[in-house]
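The values are calculated or read from the model by the stated rules, or taken from the named source; none is laboratory data. None of these values were measured; they are calculated from a predicted model. As a convention, Cβ positions derive from the backbone with ideal geometry for all residues, glycine included, and neighbour counts pool all protein chains shown. These accessible areas exclude ligands, DNA and RNA; they are computed on the full protein's heavy atoms, side chains included. Shrake-Rupley method; radii C 1.70, N 1.55, O 1.52, S 1.80 Å.
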Amino acid sequence: MGRAFEFRKARKMKRWSAMAKTFTRIGKDIVMAVKEGGPNPETNSRLRAVIQNAKAANMPKDNVERAIKKASDKDTANFKEVLFEGYAPHGIAVLIETATDNNNRTVANIRSYFNKCNGTLGTQGSVEFMFDHTCNFRIPAEGQDVDELELEMIDFGVEEIFADEDGILMYAPFESFGAIQKELENRNIEILSSGFERIPQITKEVTTEQMADIEKLLEKIEEDDDVMNVYHTMQE
C-alpha cells in the first residue's frame with residue numbers, strides 16, 4: 001500500500017462527525033459547482049460529483065435540489081474559495097481550504113485561531129508546496145479486479161488504487177479528475193463518491209503533549225463554518 005492509503009487510513013476516523021455540518025459543507029460545494037458550471041448536472045461534471053457525494057452522505061434529495069436552486073437564484077459573485085497556510089505549534093504545517101462570501105470575516109477568524117493557539121498564519125505559498133493536491137474516486141468493488149482496473153486506469157492518471165470494506169478507492173493528481181470521471185462514466189461504473197485531498201509529502205512525529213497543543217488549533221479551525229478542509233503534516 002502507498003502513501004495515499006496510509007493517509008486515508010489515518011484520516012478515516014477524523015471525518016466530519018456532525019451530519020448538519022456535513023450537509024452545510026456539501027451545500028457550499030454545490031454553490032461553488034453551480035457558480036463554475038451552471039445548475040445542470042448533465043453538463044456540469046463538478047456538480048455531478050458533488051451530487052454523488054451528497055448521496056453517499058445520505059443527504060436528502062430535496063435538500064440537494066433546494067441547494068442547487070438557491071445557488072442558481074442567489075448572487076454568488078462574492079462567493080469564492082480561499083486557501084490559508086500557516087504553522088501550528090511545534091513546527092507543524094497547516095493548509096486550510098475555505099469557501100466564503102466574506103473574505104474579511106474569514107481572514108480575521110483564521111488569524112485569531114492561530115494567534116490564540118500559538119500558531120503563525122503564513123503567506124501564500126509558504127506551506128502549500130509540502131502537500132500533493134490529489135483527486136480520488138470511490139466505486140463499488142463488486143465485479144471489479146483491482147489489479148486489472150489499475151492497469152486500465154493508469155492511462156487516465158490513476159497512481160494508486162486499493163480496496164477496503166467500502167469499495168475500491170483510486171487516487172490521482174488533481175488535474176486528472178475530469179479524465180477519470182469521464183472514463184468511469186463511459187464504462188458505466190457507478191461513482192459512489194469523489195473528491196480532492198492534499199496529502200503531506202512528509203509528516204512529523206510529535207509527543208502526546210505536543211499533539212494536544214496542535215489539536216487545540218486544528219479543532220478551532222475545523223469548527224469554523226467557512227472552513228471546508230484542514231490538512232497538516234503531523235503524523236497521526
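Could you please let me know if I154 is crowded, with 18+ Cβ neighbours inside 10 Å, farther than 19 Å from H232 by Cα and free of Cβ contacts under 8 Å to residues at least 60 places away in the same chain?
Answer is no for this residue.
Can you pull out the residues in the stretch 186-210 that are surrounded by 17 or more Cβ atoms within 10 Å (Cβ to Cβ) and without any contact (Cβ under 8 Å) to a residue 40 or more places away in the chain?
Once the filter is applied, which keeps residues that are surrounded by 17 or more Cβ atoms within 10 Å (Cβ to Cβ) and without any contact (Cβ under 8 Å) to a residue 40 or more places away in the chain, the stretch 186-210 yields only T203.
Of all residues in the stretch 157-176, which are within 14 Å of the chain's Cα centre (by Cα) and open to solvent by 20 Å² or more (accessible area, probe 1.4 Å)?
P173, F174
For the condition in a helix (DSSP H, G or I) and within 30 Å of A71 (Cβ to Cβ), what is the one hit in I191, I110, I199?
I110
Could you figure out which of (1) without any contact (Cβ under 8 Å) to a residue 60 or more places away in the chain; (2) in a strand (DSSP E or B); (3) under 23 Å from R48 (Cα atoms) isn't true of Y171?
Condition not satisfied by Y171: (1).
In contact (Cβ under 8 Å) with a residue 12 or more places away in the chain and either open to solvent by less than 30 Å² (accessible area, probe 1.4 Å) or in contact with a strand residue (DSSP E or B) (Cβ under 9 Å, 6 or more places away or on another chain) (or both), is that true of I221?
Details: in contact (Cβ under 8 Å) with a residue 12 or more places away in the chain: yes; either open to solvent by less than 30 Å² (accessible area, probe 1.4 Å) or in contact with a strand residue (DSSP E or B) (Cβ under 9 Å, 6 or more places away or on another chain) (or both): yes.
The answer is yes for I221.
For F131, state whether it is open to solvent by less than 70 Å² (accessible area, probe 1.4 Å) and in contact (Cβ under 8 Å) with a residue 60 or more places away in the chain.
In short, yes.
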